[in-house]
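Visitor: Take a look at the following structure, please.
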Amino acid sequence: MKAVRLHEFGGPEVLRYEDIPDAEPRKDQVLIRVKACALNHLDIWVRKGLPGVKLPHILGSDIAGEIVAVGEYVTAFNVGQRVVLAPMHFCNHCAKCVAGLQNECPDFTVLGNAVDGGNCELIAVPAVNVIPIPDGLDFVQAASVPLVFLTAWHMLVGRAGIRPGQTVLVLGAGSGVGIAAIQIAKLFHARVITTAGDENKLEKARALGADHGIDHYKQKISQEVRKITDQQGVDIVVEHVGAATWDESVKSLKPGGTIVTCGATTGPNVGFDLRFLFSRQLNLLGSYMGTMGELHEVLRQIFAGRLKPIVDRTFALKDARAAHEYLEASQMFGKVVLSA
């Protein structure tokens, strides 16, 4: 089969489109012909070099395709079914897994990170990772859903406990997590303020339901938030940008407000005044992916049409290098997808 692999860490030029042996499923696995695999910033970080990644390595977390074979222990699926894959690897037998907390499993990782992912023509995965998709959802759309919608759902619903009527600040309107978070917050009847680097992205964010937009290159986020909220601040900040926005995120919170963070795109090291934390009784929450139960919850909303994936551009698998270059330019609004 064809695959895009890393034999060394570095820039987009290290991606090799090459022939490798076909994936073969174990008796408890399902073999999927990959029809689409969406990119995430995780692909860039792994490509540049993360601990625990063994070379050669296949990137790709968000996978949709068709079942081409099932192991003899698998009874719930049939050849030809259209499916999307849970973008994670877990042991499925430890105390955390059997309690439904797969993202706290000691073996937990994201597909394409410490284990091979979907930048290939065939992938074998445990049956628990396989989820059928409706006919009305095409493969490119389906591949645009799992990681970002699961992450945003876990952040807002699982961790921050969003409630109707709250005000939510979503950083990075054009990002996958940002697009998902805007829609999920509106699903819960929250007021949404979001940020982006140009008016075109802000206009698209408003079309998704955002009530207010802030151009973070031209405006100071916390000052605009205070104006919009009559000096009150927001209940929840969805943070995944990191060092570049951290101070503004903290200043945007109302007393008792919550920052929930899932990433550090612009750098992981931030300063924090503990006096501000305790005197304003702020909540600081970390969030990493989500559980299988939460993935099924958010997929029900997708399948019902209440949430929708946004695709910016597709590339052929053989053009993975160009796709990485495009992603790193950060001009997209929505997902960049490798398509068969």
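Visitor: Roughly to the nearest percent, how much of the accessible area of the chain is carbon and sulfur, given a 1.4 Å probe?
Guide: Carbon plus sulfur share of accessible area: 49 percent.
Visitor: What list of ³J(HN,Hα) values in whole Hz, one per residue of the range 116-122 in order, does the Karplus curve 6.51 cos²θ - 1.76 cosθ + 1.60 (θ = phi - 60°) give from phi, with Gly and Pro shown as x?
Guide: Working through the residues one at a time gives 4, x, x, 7, 7, 8, 9 Hz.
Visitor: Quote the accessible area belonging to Asp312 in square angstrom, nearest 10, computed with a 1.4 Å probe and with ligands, DNA and RNA left uncounted.
Guide: Roll a 1.4 Å probe over it and Asp312 shows about 50 Å².
Visitor: Roughly how many Å² of Tyr17 are accessible to a 1.4 Å probe, to the nearest 10?
Guide: 100 Å²
Visitor: Grab the eigenvalues of the alpha-carbon gyration tensor for the range 176-291, scale each by 5, take roots, and send me the semi-axes largest first in whole angstrom.
Guide: Calculated on Cα positions only, the semi-axes equal 21, 16, 15 Å.
Visitor: Assigning unit charges at the beta carbon (Lys, Arg +1; Asp, Glu -1) and nothing else, what dipole magnitude in debye, to the nearest 20, does the range 11-112 show about its Cα centre?
Guide: Its charge dipole is roughly 140 debye.
Visitor: Over the chain, what is the relative contact order in percent, taking alpha-carbon pairs closer than 8 angstrom and at least six residues apart?
Guide: Relative contact order here is 18 percent.
Visitor: What number comes out for accessible area per residue over the chain if the probe is 1.4 Å? Units Å², please.
Guide: About 43 Å² of surface per residue is accessible.
Visitor: Could you run the Karplus curve 6.51 cos²θ - 1.76 cosθ + 1.60 with θ = phi - 60° over the range 12-25 and give me ³J(HN,Hα) per residue in whole Hz, x for Gly and Pro?
Guide: x, 5, 7, 6, 10, 8, 8, 8, 9, x, 4, 5, 10, x
Visitor: Then there's this: Quote the charge dipole size of the chain about the Cα centre in Debye, to the nearest 20; the model charges only the Cβ of Lys and Arg (+1) and of Asp and Glu (-1).
Guide: Charge dipole, the chain, about its Cα centre: 780 debye, nearest 20.
Visitor: Determine Rg/Rh for the chain; Rg is computed over alpha-carbon atoms and Rh is the Kirkwood hydrodynamic estimate from the same atoms.
Guide: Result: Rg/Rh = 0.97.
Visitor: Any idea of Glu24's accessible area? Nearest 10 Å², probe 1.4 Å.
Guide: Glu24 exposes around 150 Å² with every protein chain in place.
Visitor: I would also like to ask the following. Hey, can you grab everything whose amide H is under 5 Å from the amide H of Gln81? Only 5+ residues off in sequence or another chain; H modelled, so Pro and N-termini drop out.
Guide: Sorted by chain and number, the residues that satisfy this are Ile67.
Visitor: While we're looking at this one, here's another question. Need one word for the range 47-100: rounded, prolate or oblate. Basis is the Cα gyration tensor (sqrt eigenvalues a ≥ b ≥ c); a/c below 1.5 gives rounded, then a/b vs b/c decides.
Guide: Since a/c reaches 1.5 but b/c is at least a/b, the shape of the range 47-100 is classed as oblate.
Visitor: Sticking with this one: Say the dipole of the chain comes from +1 at the beta carbon of Lys and Arg and -1 at that of Asp and Glu; which of Leu299, Thr109, Leu202 then lies farthest toward its positive end?
Guide: Of the options given, the answer is Leu202.
Visitor: Now a separate question. At a threshold of 8 angstrom on Cα-Cα distance, excluding pairs fewer than six apart, so keeping six or more, what relative contact order does the range 144-238 reach in percent?
Guide: Answer for the range 144-238 is 29 percent.
Visitor: Tabulate in residue order the Karplus-calculated ³J(HN,Hα) for the range 212-220, using 6.51 cos²θ - 1.76 cosθ + 1.60 with θ = phi - 60°, rounded to whole Hz; enter x for Gly and Pro.
Guide: 9, x, 10, 7, 6, 8, 10, 10, 8
Visitor: In addition: On a straight-distance basis, which lysines could pair with Lys251 in a cross-link, Cα separation under 24 angstrom, same-chain partners fewer than 8 positions away excluded?
Guide: Of all the lysines, those that pass the test against Lys251 - Cα under 24 Å, at least 8 places apart if same chain - are Lys186, Lys201, Lys218, Lys220, Lys227.
Visitor: Search the structure for amide H atoms under 5 Å from the amide H of Ala190, placed 1.01 Å from N in the peptide plane, and list their residues when 5 or more places away or on another chain.
Guide: Gly165
Visitor: Of all DSSP beta bridges in the chain, what percent run antiparallel (nearest 5)?
Guide: The answer is about 55 percent antiparallel.
The values are calculated or read from the model by the stated rules, or taken from the named source; none is laboratory data. All of these numbers come straight from a predicted model, not from anything done at the bench. Methodologically, a virtual Cβ is constructed for each residue, glycine included, from the backbone with ideal geometry; neighbour enumeration extends over all protein chains shown. Calculation scope for accessible area: heavy atoms of the full protein, side chains included, ligands and nucleic acids excluded. Shrake-Rupley method; radii C 1.70, N 1.55, O 1.52, S 1.80 Å.
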